[in-house]
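Some notes on the structure that comes next.
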Amino acid sequence: MTTTPEDTTPPAHLVLTVEDLAVHVPTEHGLLRAVDGVSFEVRAGRTLGIVGESGSGKSLTAKSLLRLHPAAFRESGRVLLHGADGSGADGTDALDIMELRRDGPMIRAVRGRRIALIFQEPMTAFSPLHTIGDQIMEAILLHRTADRAEARDICLEWMLRVGIGDAQRRIDQYPHEFSGGMRQRAMIAMALSCEPEVLIADEPTTALDVTIQAQVLELMQELQAETGMAIVFITHDLAVVAGTCDEVAVMYLGRIVEQAPVRELFANPQHPYTRGLLRSIPRFGMGRDERLQAIEGTVPQAIDLPAMCSFRDRCGARIEGVCETAEPRLLELTDRHQVRCFLHDPDAPVPDQPVGSTESTASDPAHAPVVPEESPA
């Protein structure tokens with residue numbers, strides 16, 4: 001259940017802390033600042049949703065948590081993996097993944113065993129040359145047991161747990177013999193077979209129809225409740241976030257522009273970009289003549305950007321003479337709600353009336369998806 005101000009339940013222990021993560025990519029046109037100073041925390045049994053349009057840096061952030069980028073990418077910051085019991089939460093005894101060699105034995109011991117990743121595209125994530133069972137068992141043999149018969153039993157157990165029927169037969173089938181939904185279930189079985197502390201789900205339901213999507217999401221929630229793992233859920237689908245996440249981080253052009261508990265963010269969004277995302281998706285009770293409001297323009301490439309608000313050119317609430325002069329800082333509205341916007345900066349020379357009027361209904365809860373009474377823990 002999502003923590004509310006009245007909830008006195010002590011927070012779950014920290015599992016992962018990301019501090020000032022940056023991923024810069026040299027290109028022939030200049031330095032691409034794909035991820036530029038991202039920070040967040042993930043706690044045991046909780047789900048953090050990272051949302052934003054394509055090009056916001058969500059998937060690059062996910063891959064950085066396991067050092068999966070090519071050597072040419074310039075990575076910096078800290079990714080602290082704490083002990084299973086929360087030890088090292090102060091950072092002193094935590095494992096800093098960014099200090100590990102991307103092809104070394106220490107990072108290989110983390111991948112799959114302590115942090116697992118569900119890739120975005122289930123249709124291409126599996127090798128067509130090996131059976132589903134062999135590919136799931138690869139991680140089991142690496143991290144849990146050297147006995148192939150035991151690894152096969154563990155594989156069968158997880159195939160059944162994720163809802164793959166007739167597992168004794170299907171374990172020896174090849175990926176092309178699985179439907180898209182079954183391949184996604186097999187990928188979840190692969191990710192969870194070593195019982196990781198953190199599961200990174202990168203758009204895990206994008207290629208699935210609505211029915212299979214609901215089944216996969218329900219499965220992930222059930223397994224989280226059983227194992228207590230933390231989940232980082234990366235998606236562009238705010239409706240999915242509303243029903244599955246505890247905290248939400250909104251990314252734009254490589255930076256987190258707003259972060260808050262899911263109910264607070266949907267009920268009271270503070271950044272113009274967050275408000276624009278919420279107005280651009282369908283909601284219950286829409287009138288027949290109502291139309292969705294798209295965010296004008298597209299996400300620019302993060303190459304040689306000037307020092308100004310990255311959302312300025314698309315923002316209907318921009319402040320002329322302010323938003324183009326510097327990059328806004330991340331502000332603490334409350335102890336759990338942060339926003340990066342000059343509209344909320346008391347030190348910014350804010351005029352009486354921002355430019356544009358598109359924000360007049362921005363914070364109206366009617367313009368947000370319905371959030372369930374209880375969000376899964």
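A few notes on this one:
- Residues in segment 183-226 that are among the β-branched types (Val, Ile, Thr) and in contact with a strand residue (DSSP E or B) (Cβ under 9 Å, 6 or more places away or on another chain): Ile188, Val198, Ile200, Thr205, Thr206.
- Any chance Ala139 is among the aliphatic types (A, V, I, L, M), surrounded by fewer than 17 Cβ atoms within 10 Å (Cβ to Cβ) and in a helix (DSSP H, G or I): no
- Per-region count, segment 214-231, residues open to solvent by less than 60 Å² (accessible area, probe 1.4 Å) and free of Cβ contacts under 8 Å to residues at least 12 places away in the same chain: 1
- Where a residue in segment 315-340 is within 17 Å of Pro261 (Cβ to Cβ) and its partner, wherever it lies, is in a loop (DSSP other than H, G, I, E, B) and at pLDDT 90 or above, with Cβ under 7 Å and at least six apart: Leu333/Gln270; Val339/Gln270; Val339/His271; Val339/Leu333
- For Arg291, the requirement of being among the basic types (Lys, Arg) and open to solvent by less than 60 Å² (accessible area, probe 1.4 Å) is not met.
- Residues within segment 75-108 that are open to solvent by less than 70 Å² (accessible area, probe 1.4 Å), modelled with pLDDT of 90 or more and hydrophobic (A, V, I, L, M, F, W, C), tallied: 8
- Filter result for Arg183 (open to solvent by 70 Å² or more (accessible area, probe 1.4 Å), over 22 Å from Ala225 (Cα atoms) and assigned to a helix (DSSP H, G or I)): no
- Matching residues in segment 144-169 - criterion: being part of a helix (DSSP H, G or I) and either hydroxyl-bearing (Ser, Thr, Tyr) or open to solvent by 40 Å² or more (accessible area, probe 1.4 Å) (or both): Arg148, Ala149, Glu150, Arg152, Asp153, Glu157, Leu160, Arg161, Gln168, Arg169
- Among the candidates Leu199, Leu160, Leu217, the residue that is modelled with pLDDT of 90 or more and either under 20 Å from the mean Cα position of the chain (by Cα) or at positive phi (or both) is uniquely Leu199.
- Count of segment 19-70 residues which are part of a strand (DSSP E or B) and not charged (D, E, K, R): 22
- Elements of type helices (runs of 4 or more DSSP H) contained in segment 232-285, each with 2 or more residues being within 17 Å of Val38 (Cβ to Cβ) and open to solvent by less than 10 Å² (accessible area, probe 1.4 Å): 272-279
- The set of residues in segment 55-74 that are open to solvent by 50 Å² or more (accessible area, probe 1.4 Å), farther than 19 Å from Val15 by Cβ and basic (Lys, Arg) contains only Arg74.
- Boolean, Thr211 is assigned to a loop (DSSP other than H, G, I, E, B) and surrounded by fewer than 17 Cβ atoms within 10 Å (Cβ to Cβ): no
The values are calculated or read from the model by the stated rules, or taken from the named source; none is laboratory data. Note that the coordinates shown come from a computational prediction; the quantities given were computed from them, not determined experimentally. Cβ: placed from backbone, ideal geometry, glycine included. Neighbour counts: every protein chain shown. Note: areas computed on protein heavy atoms with side chains; ligands, DNA, RNA excluded. Shrake-Rupley method; radii C 1.70, N 1.55, O 1.52, S 1.80 Å.
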